[in-house]
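The values are calculated or read from the model by the stated rules, or taken from the named source; none is laboratory data. These numbers come from a predicted model, not from an experiment. With ideal geometry, Cβ positions are generated from the backbone for all residues, glycine too; neighbour counts draw on all protein chains shown.
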Amino acid sequence: MRVTLHVWRQPGPELAGVFVRYDMTDVSPDMSFLEMLDVLNQQLLARQDDPIAFDHDCREGICGACGMVINGRPHGPRRATTTCQLHMRSFPDGAELWIEPWRARAFPVIKDLVVDRGAFDRIIQAGGFITARTGSAPEANSLLVPKADADLAMDAAACIGCGACVAACPNASAMLFVAAKVSHLGLLPQGQPERAARVVGMVAQMDAEGFGACSNHGECMAACPKEISIDFIARLNRDYLKAVVSHPSSVVRGDGGSNG
Amino acid sequence: MAVTGVILFLFVVAHLLGNLKIFEGPAAFDAYAEGLRTVGAPFFGRGWLLWIARVVLIVAVLAHMWAAIETTRASWRARPVSYRRLEPVETTYAARTMRWGGVLIVVYVIYHLLDFTFGRVNPSFVPGDVYHNVVASLRVGPVAAAYIAAMVVLGLHLYHGTWSALQTLGLNRPPTGGWRRGVAAAIAVLIAGAYISIPVAVLAGMLR
Amino acid sequence: MELRSRIPDGPLEAKWERHRSGIKLVNPANKLKHHILVVGSGLAGASAAASLAELGYRVSCFCFQDSPRRAHSIAAQGGINAAKNYQNDGDSVFRLFYDTIKGGDFRSREANVYRLAEISARIIDQCTAQGVPFAREYGGLLANRSFGGVQVSRTFYARGQTGQQLLLGAYQALSRQIGIGTVTMYPRSEMLDLVVIDGRARGIITRDLISGAVSAHAGDAVVLATGGYSNVYYLSTNAKGCNVTAIWRAHKRGAAFANPGFTQIHPTCIPQTGAHQSKLTLMSESLRNDGRIWVPKRQGETRPPHQIPEEDRDYYLERLYPSYGNLAPRDIASRRAKEVCDEGRGVGPGGHGVYLDLRDAIARLGRRVIAERYGNLFEMYQRITGEDPFQVPMRIYPAPHYTMGGLWVDYNLMTTVDGLYAIGEANFSDHGANRLGASALMQGLADGYFILPYTIGDYLAQAKPVTVDPEHPAFHQIRGEVAERVRRLLAASGRKTVDAFHRELGRVMWDKCGMSRNAAGLKEAMGRIGQLRDEFWRDVHVGGRGEELNQSLEHAGRVADFFEFAELMCQDALYREESCGCHFREEYQTPEGEAKRDDERFGYVAAWEFAGLGKEPVLHKEPLAFEAVHLAQRSYK
């Protein structure tokens, strides 16, 4: 099959970017989207052009490295599918595809389609954990977790940290990402002691990173390759309100759970 | 946003309940309008509570607008370079029109106050004769049309607003969690529909 | 070079406890003076970095991904073994130990494997405490599933994403330390060389993948947790970035490389569809519980599968292994698949595939039950191939998946270079010639949480903290060498892309040093690799500059190392004139075509010492003594 690509090319963070058009022929419908870009990159290298930079690693939809906006949809048109798992047969022959990086102030472009998602790591560092010093753990079955809670926690824990939620949000908000981690840990008994500090710390960091505010469009959920529900955002909000009411001082300090 | 929204929502509901007394006839409606001023007596003086309510409302409106402007600006800041195109998938028309809808509602409220409270744009305005003022104004086609249109906008605003508030206030506990969309839609339709019934009734000649 | 395994004396059950109690301790006040460099942030690296920081050491952690959370451990699906005996089915530390050592075809150390089994239970405790959402029973207790090659149910899991959840647990523990400031994290940083001063590992040279800056990091000890090298085959189930560079560079600086030829080929992967293929995707082995594997009896069969009648199908695993049937161990299932394909009976594009047919199971259990069990796998298969497994039997083919070989380490997980440690898949320690399912996660976390944090103290307590600063001449020199290599790669103004070279290398390795090997093929491969390597340096075109994000350059460096390493791998496979586990030498098989071990001649670990490029590496042997288990021929008939 044939496709026409318009790829965002930006040589560096401070440099201006433009869409560059590439016409591809002989694209196999069995190729993954990234394999199609691989082929294009081989062609670019062969004619001494700079290949397109894009993040990718596991190519099986779990590491969260890949991600680009394809025709206005993060990870492309298929629901519950990362870019690496998207195959060219999802597109009609002769398709015209506009490919852009995630766009958010908190995710600055490094080069072409590669963005810096360090903000997500810093949010986790601000409280997205359970403090359990190695060696101090009690016998695993001494803690009972109702199956329903464990299953729901797993739904939230499925987040791969790809950033599609931010990319899809009209406000570039990171609420779904934060909500997923807050809910995962908050649903488990192990997560209770730090529950208030965690949510306050993570939300404070999220705000500091310059993400936008959630206005409940639900686009994040639609773009999420793991289909994480925005119900978790409601849960995050409830936890946050509770924490603010019960631990107002932690809000003032904004000191998450990093209490070494 | 959610807290001020809830206050305004309660006002919209209260206002509607009052308005619907118009179907009980001129006397009941005018008595209700007068009653708003004497409510709370003898503890409160005439109009005191009404003014307190007005102050709360004005503050809520201003805070609501301020919050809206702040979140809008935060959103714009959060995405300095915009997409060539971002394809909406999940979001609703109501959600996408919150900002402009809000502006339209403000514009309409101003007109509405000029019409019914201050009587500036109502040629046959009679202070105190509330029933007459309403019917006289809404009998004019374009005025009724504007009223209806504004209520549709309000309905959309309420639909996303209610859903949003339930989300923001974290009210998603089972078993009601799954009904939030439906509940929000039902409330919005009910309120907008009830408001719209008034101009429709006037135009249909049921209220004269 | 001398291989001192430092295996403690005493009965097997008491070795670790006794050793641990005898390890010299580092004065808590001194810990902060010790700076430990951890390279890699997968299960082993992240857990080690977090645990070391909790102990009070100063830690720097490096990963080439943009975030430590993306290390390839994240892709492990099935589960993690632990001898908890929660199912009351008679599991025990000894049983887990025995299964692992037998599964590895008696080519691993008893003491290490026993320790692994001992620690396994604590890993589950630790991960649960961190909030890993393991599957639960209705009563709220942890659930287990059974897994290939064993008869007890001891595998803990979190849906099909066990690796992800365990890694996120370790990542979160690491993040906490980064937040406190006890760990300095260097994402998008690739280790390109090791600095050894006076026989001790003193630091590493890294390249910042964004700016291209080559910099030196000094430390008191270096821990390599950089995973396996399956990508030497180009097509594997590993992530695209997985590479041998860190351990290969360490090898060139003096660390012995053990059993490089032991590589595991996983039987149930989705076959290649065309020349554009960039990687292979694994499908859970659990499909073999209900699926039947077959190929047409006739060569060159052209009928679609559903038109091939029963009498024209060859359910070859059921035919050859009546008692284990489709559940034969990984190495056997893989080899038999290759055999039937080599006979020209393979299916799908290029004839590289066999059918995994759930038709009978669907008929027996109903579509609903099958959808419940395998729904997400079916979806993934359909997404990749465009075929619906409910309608058409799946096609599967073996793919490189895990490498048992790695840097040689002693009981303390230290390599032959003092102060240099290797943990997780990067070392050779626990899986012998074949790894059992759900054991890799166990080993990575055992090393990182519960072994290295103690054993590294043994070295640090004895080695006074010497402040080596990155301005030491050795750092300057090696940094210069690294920079020069980068320059050379960029300067080669050839015509072929890095990817093209990598594919070619992969094909040679797959054909000659893959599922089955023979002396002639291995010799041929070694010759071919040498040619390709020369051609690579002459004719590669990398493109771009060194002072920017340059993914082609990253790849080029890794492929250059694969070219050097591949030769050692073939050398090891050639030298080992026996068949064991995943290492199948065609010359050494039983009349029924099974692996024929030679414990007399090859009952040892082969540890290779680097002697210079183009020179024959020096073989050192660590004899394997089996006291607790009886060596037996594996039989799955």
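Of everything in the stretch C:126-158 that's charged (D, E, K, R) and under 25 Å from the mean Cα position of the chain (by Cα), which residue is farthest from the other protein chains (Cβ to nearest Cβ)? If we take residues in the stretch C:126-158 being charged (D, E, K, R) and under 25 Å from the mean Cα position of the chain (by Cα), then C:ARG145 is farthest from the other protein chains (Cβ to nearest Cβ). If a residue has to be over 14 Å from A:ALA158 (Cα atoms), of a type in the set (A, V, I, L, M, F, W, C) and more than 8 Å from every other protein chain (Cβ to nearest Cβ) to count, how many in the stretch A:225-248 make the cut? Counting residues in the stretch A:225-248 that are over 14 Å from A:ALA158 (Cα atoms), of a type in the set (A, V, I, L, M, F, W, C) and more than 8 Å from every other protein chain (Cβ to nearest Cβ) gives 3.
Any chance the stretch A:32-48 includes a residue that's more than 8 Å from chain C (Cβ to nearest Cβ) and either more than 29 Å from C:ASN231 (Cβ to Cβ) or not in a helix (DSSP H, G or I) (or both)? Yes, the conditions are met somewhere in the stretch A:32-48. One residue stands out in the stretch A:154-170 among those that are buried (at least 23 other Cβ atoms within 10 Å of the Cβ) and within 7 Å of another protein chain (Cβ to nearest Cβ): the one that is nearest to A:GLN10 (Cα to Cα), namely A:GLY161.
Of the residues making up the stretch A:115-133, just one is over 21 Å from A:ALA157 (Cα atoms) and surrounded by 24 or more Cβ atoms within 10 Å (Cβ to Cβ), namely A:VAL115.
Scanning the stretch B:62-88 for residues that are of a type in the set (Val, Ile, Thr) and more than 8 Å from chain A (Cβ to nearest Cβ) yields a count of 2.
Okay, residues lined up against (1) in a loop (DSSP other than H, G, I, E, B); (2) in contact with a helix residue (DSSP H, G or I) (Cβ under 7 Å, 6 or more places away or on another chain); (3) within 13 Å of chain A (Cβ to nearest Cβ); (4) charged (D, E, K, R):
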position	(1), (2), (3), (4)
B:HIS132	no, no, no, no
B:VAL143	no, yes, no, no
B:VAL153	no, yes, no, no
B:ALA165	no, yes, yes, no
B:TRP179	no, no, yes, no
B:VAL189	no, yes, no, no
B:ALA192	no, yes, no, no
B:ILE196	no, yes, no, no
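Residues in the stretch A:164-185 include at least one that is under 15 Å from the mean Cα position of the chain (by Cα) and among the basic types (Lys, Arg).
Looking only at the stretch B:34-70, residues that are closer than 22 Å to B:ILE7 by Cβ and more than 17 Å from the chain's Cα centre (by Cα) come to 16 in all. The condition of being surrounded by 22 or more Cβ atoms within 10 Å (Cβ to Cβ), among the aliphatic types (A, V, I, L, M) and over 22 Å from the mean Cα position of the chain (by Cα) holds for only one of C:ILE423, C:ILE456, C:ILE370, that being C:ILE456. Evaluation of C:ASP220 against the conditions (1) free of Cβ contacts under 8 Å to residues at least 40 places away in the same chain; (2) away from chain A (no Cβ under 14 Å); (3) among the charged types (D, E, K, R) shows that the sole unmet condition is (1). Say whether the condition of being of a type outside the set (Lys, Arg), surrounded by fewer than 24 Cβ atoms within 10 Å (Cβ to Cβ) and not in a helix (DSSP H, G or I) is met by at least one residue in the stretch C:113-132. Within the stretch C:113-132, not a single residue is of a type outside the set (Lys, Arg), surrounded by fewer than 24 Cβ atoms within 10 Å (Cβ to Cβ) and not in a helix (DSSP H, G or I). Restricted to the stretch C:159-184, and to residues there that are among the hydrophobic types (A, V, I, L, M, F, W, C) and in contact with a strand residue (DSSP E or B) (Cβ under 7 Å, 6 or more places away or on another chain), the residue that is nearest to the other protein chains (Cβ to nearest Cβ) is C:ILE178. Anything in the stretch C:375-431 that is β-branched (Val, Ile, Thr), under 29 Å from C:VAL340 (Cβ atoms) and outside any strand (DSSP E or B)? List them, or say none. Hits for the stretch C:375-431 are C:ILE384, C:THR385, C:VAL392. Once the stretch A:202-219 is narrowed to residues that are of a type in the set (Gly, Ala, Ser) and assigned to a loop (DSSP other than H, G, I, E, B), the residue that is nearest to A:ARG117 (Cα to Cα) is A:GLY210.
Among the residues that make up the stretch A:80-94, is at least one of them farther than 30 Å from A:THR25 by Cβ and in a helix (DSSP H, G or I)? No. Got a sec? Which of C:ARG249, C:ARG207 is in a helix (DSSP H, G or I) and basic (Lys, Arg)? None of the other options fit; the residue is C:ARG249. Here the stretch A:1-22 is the region considered, the condition is being part of a strand (DSSP E or B) and within 14 Å of chain C (Cβ to nearest Cβ), and the residue that is nearest to A:ASP116 (Cα to Cα) is A:ARG9. Only a single criterion out of (1) surrounded by fewer than 23 Cβ atoms within 10 Å (Cβ to Cβ); (2) over 21 Å from the mean Cα position of the chain (by Cα) is not satisfied by C:PRO389, namely (1).
For the stretch A:131-153, name all the residues that are assigned to a helix (DSSP H, G or I) and either more than 7 Å from chain C (Cβ to nearest Cβ) or out of contact with any helix residue (DSSP H, G or I) (no Cβ under 7 Å at 6 or more places or on another chain) (or both). Across the stretch A:131-153, the qualifying residues are A:ASN141, A:SER142, A:LYS147, A:ALA148, A:ASP149, A:ALA150, A:ASP151, A:LEU152.
All of A:PHE91, A:PHE107 fail the test of being assigned by TED's automatic domain parsing to the domain that holds A:GLU35, over 18 Å from the mean Cα position of the chain (by Cα) and among the aromatic types (Phe, Trp, Tyr), apart from A:PHE91. Across the stretch C:323-354, the qualifying residues are those that are modelled with pLDDT under 90 and part of a loop (DSSP other than H, G, I, E, B), and the one among them that is nearest to C:THR263 (Cα to Cα) is C:PRO329.
Of all residues in the stretch A:69-128, those satisfying the criterion of being over 25 Å from A:GLU35 (Cβ atoms) and at the interface with chain B (Cβ under 10 Å from one of its Cβ atoms) are A:ALA104, A:ARG105, A:ALA106, A:PRO108.
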